[in-house]
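Take a look at the structure below.
The values are calculated or read from the model by the stated rules, or taken from the named source; none is laboratory data. Bear in mind that the values here come from a model prediction, so they are computed numbers and not experimental data. Backbone-built Cβ (ideal geometry, glycine too); neighbour counts: all protein chains shown. Ligands, DNA and RNA are stripped out before the accessible areas are found, and what is left, the full protein with its side chains, is counted by its heavy atoms. Shrake-Rupley method; radii C 1.70, N 1.55, O 1.52, S 1.80 Å.
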Amino acid sequence: MLAQNKDYNLSGRIEGENNLKYALLFSYENELRKITRSNIVDNKFEFSGLYAPKQPTGTITTAYVFLSEHEFESSQDLTTLTRSPLWRTKIIMEPQIDFVFNAQNKESMVKAGPLNKVQSVFSNLQERYLKKIDSAHLSIDLENLAAELKDKKKKDAKRLLFFEEKADELALINKYPDSEVTLVHFSVFTMVPFFKDNRVKEAFDGFSERLRQSKHGIRLGGFLTEMEQQIQKPNMINKIMPQFELAGLDGQMYKNTALYGQYTLVDFWASWCAPCRAENPTIIAAYNKYHQKGFNVVAISIDQLKDKEKWEAAIKKDKTEGFAQLFNPGGISGIAKELNINSIPASYLLDAVGKIIAVDLRGDMLEKKLQELFGI
């Protein structure tokens, strides 16, 4: 309600040589996208208005500050922006926020209340990993390799650093067991199974009772329980993959049996699933190496129907057009529902008759299995 809203003022300043011209404040209000733009004049910009300290879900209100040399398109959403070549910093909405960006070091500093004090620790972690990625890519660029090999090495390095960052982020979460900012960063761990051990459950159990019993905490606890139940899949080894028929990129319907090779990877994913897309370079490498020997990939997206364009864009961006791409909207029906696919990435390796011989092969596990099967 409007009576619960508070005034805020965000004062921004940029230090060091730069060509930045535009700033954008991207947030959500009552689950709806809210975008505020500001021109950068004399290395300064400002945002002000009203904000709701908490959303209907009980989570504290977060926002992103984006800085760019180019004007933002009105059609851009958060997913598009975070993959664009511009600088971004996540903040927590508070009454007074002083934001400083060092263009030379590519570091941001936020001075505000106690919530942003904790958020700054998480932002610093992300900035360190972005620098690690830049450093790894620079090192690869100096190697005497073909462009295609360099691109693969860069993607592999980014994938490894992504999971390393998630492990460090969870360790950081454990240091702030009574901060509502912790729940903001913990939410992704309740939806994507990054780790096979119990560290995520242990982190949640270590939160203060105040946090666990808050509206947001109860919601995330429910998500975590649901995810744990979903990843406890029935043993499908040596069982035949159920028959299914789904639409492809061209809108035509395809039966699974018509897409099988000598061996086939059925991979469930979504455009918003970072771990899924982090696996794509590995799957592409396996496909390129073994396709002529009889290895096929059937990629099944569980993106929402309204996000069909994002599904198509992700395929193009990740260069996975060579796979059989099928659409199972939302995973609420069809083969995704039959297999209880609500936690991704999830994959099944089939033989020529559709018998499941392995599940959830990630990283080099897929390559090792294919080497074994093809006798290489």
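Figures for the structure shown
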| read-out | value |
| --- | --- |
| Potential extension, ALA171-VAL188 segment - 0.36 nm per residue separation minus Cα distance | 4.7 nm |
| Rounded to the nearest 10 Å², the accessible area of HIS137 at probe 1.4 Å | 50 |
| Cα-centre dipole for the chain with unit charges at Cβ (Lys and Arg positive, Asp and Glu negative), debye to 20 | 360 |
| Degrees, to the nearest 10: 364-374 long Cα axis against longest axis of the chain | 10 |
| Per-pair calculated FRET efficiency, R0 = 25 Å: ALA313 and GLN252 via Cβ, rounded to 0.05 | 0.80 |
| Relative contact order computed over the chain (Cα-Cα under 8 Å; 6+ residues apart), in percent | 12 |
| Amide H contacts under 5 Å for VAL297, placed H, 5+ residues apart | LEU265, ALA324 |
| Local electrostatic count, ASN116, Cβ distance below 12 Å [Lys/Arg +1, Asp/Glu -1] | 0 |
| Max mean-square fluctuation residue, GNM over the chain, Cα-Cα springs under 10 Å, options GLY221, GLY331, GLY322 | GLY322 |
| Selected from ALA270, PRO56, HIS70, residue furthest toward positive end of dipole (the chain; charges at beta carbon) | ALA270 |
| Between helix 274-290 and the chain: long-axis angle, C-alpha atoms, 0 to 90°, nearest 10 | 30 |
| For the chain, the longest site-free run once GluC sites (Glu not before Pro) in DSSP loop states with at most 16 other Cβ atoms within 10 Å are removed | 144-320 |
| Angle between the chain longest axis and helix 147-173 axis [Cα atoms, degrees, rounded to 10] | 60 |
| Under 5 Å, built H, 5+ apart or other chain: amide partners of GLY12 | PHE45, GLU46, PHE47, PHE99 |
| Solvent-accessible area, 1.4 Å probe, carbon plus sulfur percent, for the chain | 51 |
| Chain lengthening between GLN96 and LYS132 when straightened (0.36 nm per residue, less Cα-Cα) | 9.8 nm |
| Net lengthening on full extension, HIS291/PHE223 (0.36 nm per residue, minus Cα-Cα) | 20.7 nm |
| Inter-label distance for GLU69 and ALA103, nm, one decimal - labels placed 7 Å from Cα along Cα-to-Cβ | 1.0 |
| Formal net charge of residues neighbouring LEU249 (Cβ-Cβ distance under 13 Å; K, R +1; D, E -1) | -3 |
| Calculated from backbone phi, Karplus (6.51, -1.76, 1.60) coupling profile of the range 103-108 in Hz, x at Gly/Pro | 5, 6, 8, 6, 10, 10 |
| Rounded to 5, the percent of DSSP beta bridges in the chain classed as antiparallel | 75 |
| Cα-based reach from LYS117 at 13 Å (exclusive), listing aspartates and glutamates while leaving out same-chain residues under 8 positions away | GLU94, ASP98, GLU180 |
| Chymotrypsin sites (Phe, Trp or Tyr not before Pro) within the range 154-205: DSSP coil, no more than 15 neighbouring Cβ in 10 Å | PHE195 |
| Partner aspartates and glutamates for LYS201 [C-alpha distance under 13 Å; skip if fewer than 8 residues away on the same chain] | GLU226, GLU228 |
| Trypsin sites (Lys or Arg not before Pro) lying in DSSP loop within the range 206-315, provided at most 16 other Cβ fall within 10 Å | LYS239 |
| Qualifying chymotrypsin sites (Phe, Trp or Tyr not before Pro) for the range 95-152 [loop in DSSP, other Cβ within 10 Å: at most 13] | none |
| Percent RCO, i.e. relative contact order, over the range 330-376, from Cα pairs under 8 Å lying at least 6 residues apart | 21 |
| For the range 185-268, size of Cβ-based charge dipole, Lys and Arg +1, Asp and Glu -1, in debye | 220 |
| Correct choice for Cα extents along the principal axes in Å that was computed from the model, options (1) 63, 52, 38; (2) 59, 47, 47; (3) 133, 69, 44 | (1) |
